[in-house]
Amino acid sequence: MPRTLVVGANRGIGFELAKQLREVRGHQVIATCRGPSAELAALDVEVIENVDVTRDEAVAHLDAALGDRKLSGLWVVAGILARTPLDALDWDAIRAQMEVNAFGALRVVATLHRRIVDEGRLALLTSRMGSLADNGSGGFYGYRMSKAALNAAGVSLARDLAPRRIAVGLFHPGFVRTAMTGGNGNLDPDESARMLLDRYEDLDMETSGRFFHANGEEIPW
Ligand SMILES: NC(=O)c1ccc[n+]([C@@H]2O[C@H](COP(=O)([O-])OP(=O)(O)OC[C@H]3O[C@@H](n4cnc5c(N)ncnc54)[C@H](OP(=O)(O)O)[C@@H]3O)[C@@H](O)[C@H]2O)c1
């Protein structure tokens, strides 16, 4: 049975990924959160708490809690979004988005990549808002910059992990009704998670390091 770790699984898309990996795709799932949620506690998955991706010691605690276990796959889902218009830039919010969305994701992978088995998978939840080519509406400085930085890291990870034939997916989940979007969107988290898991299963060395919408369309950088 594949063993898959989902980082940022207490709610939203991460929760649905953990649930469907366990209940539909038949994985053994280890799910992390900062603080637990009732819905995550009710799943038949192992939960590791106090994993704030911005903190070295929290990610070291996750590494220690995994013991000697290897992973078939790793999903890094944790993310934050803040609105930071040009005339009201909030530098703390911009830094926070970089810390979580870009540096936090890289911290998790840097700490755990040796646990991913050869020919395993790594999935990063990015956003089409990190695409330069697709930016037709501006704004969202911190969020767009942080997801573009995550995309850059994801391509380097694809190159660095290629010798072990670990495939790296950079996935946009669609516009999904979660707390992040204030409940706006055109997909529910369960629909997004189902499509994301299809993309995940399609990952191979040919699609590694490329940027895909959950619906299967490739997104320009
Ligand atoms: N919803 C969309 O339309 C959409 C579109 C494009 C991309 N995305 C991306 O998809 C991912 C999931 O988003 P979502 O819509 O499911 O949002 P969400 O419901 O707000 O969930 C965000 C998750 O990230 C966790 N998180 C935030 N800061 C963290 C930190 N410092 N350390 C560890 N975990 C942290 C949250 O945990 P807490 O409960 O502890 O805060 C929560 O589990 C994000 O990376 C987001 O950027 C979403």
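Across segment 116-145, the number of residues qualifying as in contact (Cβ under 8 Å) with a residue 60 or more places away in the chain and under 18 Å from the mean Cα position of the chain (by Cα) comes to 8.
For segment 203-220, the criterion of a residue being part of a strand (DSSP E or B), closer than 29 Å to D92 by Cβ and of a type in the set (F, W, Y) is satisfied by at least one position. Just one of the listed residues (V155, V176) is among the aliphatic types (A, V, I, L, M) and within 25 Å of R11 (Cβ to Cβ), and it is V176. Condition check: touching a residue at least 40 places away in the same chain (Cβ under 8 Å), among the aliphatic types (A, V, I, L, M) and within 16 Å of the ligand (Cβ to nearest atom). Does V168 satisfy that? Against the criterion (touching a residue at least 40 places away in the same chain (Cβ under 8 Å), among the aliphatic types (A, V, I, L, M) and within 16 Å of the ligand (Cβ to nearest atom)), V168 qualifies.
Go through segment 30-39 residue by residue and tally those that are closer than 16 Å to L17 by Cβ and either of a type in the set (V, I, T) or near the ligand (Cβ under 9 Å from one of its atoms) (or both). Break it down stepwise before answering.
Applying the first criterion (closer than 16 Å to L17 by Cβ) to segment 30-39 yields 30-33, 37, 39.
Restricting the remaining residues to those that are either of a type in the set (V, I, T) or near the ligand (Cβ under 9 Å from one of its atoms) (or both) gives 30, 32-33, 37.
Counting residues in segment 30-39 that are closer than 16 Å to L17 by Cβ and either of a type in the set (V, I, T) or near the ligand (Cβ under 9 Å from one of its atoms) (or both) gives 4.
Give segment 146-165 a look and list any residue that's of a type outside the set (A, V, I, L, M), more than 8 Å from the ligand (Cβ to nearest atom) and in a helix (DSSP H, G or I), or say none.
S146, N151, G154, S156, R159, D160, P163, R164
Only residues that are among the basic types (K, R), in contact with a strand residue (DSSP E or B) (Cβ under 9 Å, 6 or more places away or on another chain) and closer than 17 Å to L86 by Cβ were counted across segment 123-151, and they come to 0.
Among the residues here, L62 qualifies as more than 8 Å from the ligand (Cβ to nearest atom) and either of a type in the set (K, R) or closer than 30 Å to M129 by Cα (or both). Among the residues of segment 179-198, those identified as surrounded by fewer than 20 Cβ atoms within 10 Å (Cβ to Cβ), in contact (Cβ under 8 Å) with a residue 40 or more places away in the chain and more than 10 Å from the ligand (Cβ to nearest atom) are D190, R194.
Quick grid of which residues meet (1) among the polar types (S, T, N, Q); (2) surrounded by 23 or more Cβ atoms within 10 Å (Cβ to Cβ):
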site	(1), (2)
L132	no, no
N135	yes, no
Y141	no, no
G154	no, yes
A158	no, no
L161	no, no
I166	no, yes
R177	no, no
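For (1) in contact with an Asp or Glu (Cβ under 7 Å, 6 or more places away or on another chain); (2) away from the ligand (no atom under 12 Å from the Cβ); (3) among the basic types (K, R); (4) not in a strand (DSSP E or B), each residue gets a yes or a no:
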residue: R83; (1), (2), (3), (4): no, yes, yes, yes
residue: D87; (1), (2), (3), (4): no, yes, no, yes
residue: I94; (1), (2), (3), (4): no, yes, no, yes
residue: M98; (1), (2), (3), (4): no, no, no, yes
residue: N101; (1), (2), (3), (4): no, no, no, yes
residue: G104; (1), (2), (3), (4): no, no, no, yes
residue: R114; (1), (2), (3), (4): no, yes, yes, yes
residue: V117; (1), (2), (3), (4): no, yes, no, no
residue: L124; (1), (2), (3), (4): no, no, no, no
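The numbers here are math on the coordinates, done by the rules we state, and not lab data. The structure presented is a predicted model; accordingly, all values stated were derived computationally and were not measured. Using ideal geometry, Cβ is built from the backbone for each residue, glycine included, and neighbour counts are taken over all protein chains shown.
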